[in-house]
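Computed from the coordinates by the stated procedures, all read-outs in this text should not be read as laboratory data. On a predicted model such as this, the values are computed, not experimentally measured, just so you know. Note: ideal-geometry Cβ built from the backbone for every residue, glycine included; neighbour counts use all protein chains shown.
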């Protein structure tokens with residue numbers, strides 16, 4: 001435990017600007033997908049294509065890395081990042097999986113948004129404490145939608161998108177690769 005805490009204290013958040021761009025991008029994709037969602041609530045084609053294109057261009061092209069990254073993650077952060085993504089998919093299956101059989105798109109998407117919000121907690125080790133702070137309103141928004149079916153899904157999705165965009169902007173404009181932001 002002490003070894004892990006000493007690793008966390010020495011962390012540099014070299015890719016938080018890339019994370020910020022990603023959050024802004026995916027926030028807009030959620031917003032657009034919700035506007036055009038129809039019966040699916042968030043249009044799966046817009047979300048899937050937007051997610052894939054954004055991931056490829058933001059994280060896999062040298063252009064973005066060159067201009068918006070301060071370097072590579074530490075090995076500890078790289079492992080944490082992989083574990084966080086695995087956690088995301090496990091949680092999505094647990095929260096949303098059972099609703100695919102009955103086509104309950106509201107609970108499918110709210111489960112996916114909740115899983116995403118929770119996966120930001122360990123991701124705070126990779127991109128800074130701001131992700132930990134961001135996870136709180138995202139979790140609360142998703143849980144509120146799950147517990148109260150009278151709240152319009154569109155409002156919940158728009159709130160989720162706005163939170164991601166705002167925190168993405170904060171991460172993007174941050175200049176220092178170290179610290180808690």
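Here the residues 125, 133, 173, 46, ranked from fewest to most Cβ neighbours within 10 Å of their Cβ, fall in the order 173, 133, 46, 125. Taking the number of Cβ atoms within 10 Å of each Cβ as an exposure proxy, the fewest-first ranking of 74, 135 is 74, 135. Each Cα pair under 8 Å and six or more residues apart adds its sequence gap; the mean of these over the residue count of the chain is a relative contact order of 35 percent. If you fit an axis through the alpha-carbon atoms of helix 129-147 and take the longest principal axis of the Cα set of the chain, what angle between them do you get, 0 to 90°, nearest 10? Value to nearest ten degrees: 10. As a rough footprinting exposure proxy, the listed residues 75, 12 were ranked by other beta carbons within 10 Å of their own, and the order from fewest upward is 75, 12. The long axis of helix 16-35 is offset from the longest Cα principal axis of the chain by roughly 10 degrees.
If each of residue 104 and residue 35 carries a label point 7 Å out from its Cα toward its Cβ, how far apart are those two points in nm? Each label point lies 7 Å from its Cα, and together they span 3.0 nm. Roughly how tilted is helix 153-173, in degrees to the nearest 10 and between 0 and 90, from the longest Cα axis of the chain? For helix 153-173, the angle is close to 10 degrees.
Computed extension gain for residue 166 through residue 149, at 0.36 nm per residue and net of the alpha carbon distance, reaches 3.5 nm.
Which of (1) 16.8; (2) 18.0; (3) 19.5 is the computed Kirkwood radius over Cα pairs in Å for the structure on display? Computed from these coordinates, Kirkwood radius over Cα pairs in Å corresponds to label (1).
Note on residue 70 and residue 90: the extension gain reaches 4.1 nm, defined as 0.36 nm multiplied by sequence separation minus the Cα-Cα distance.
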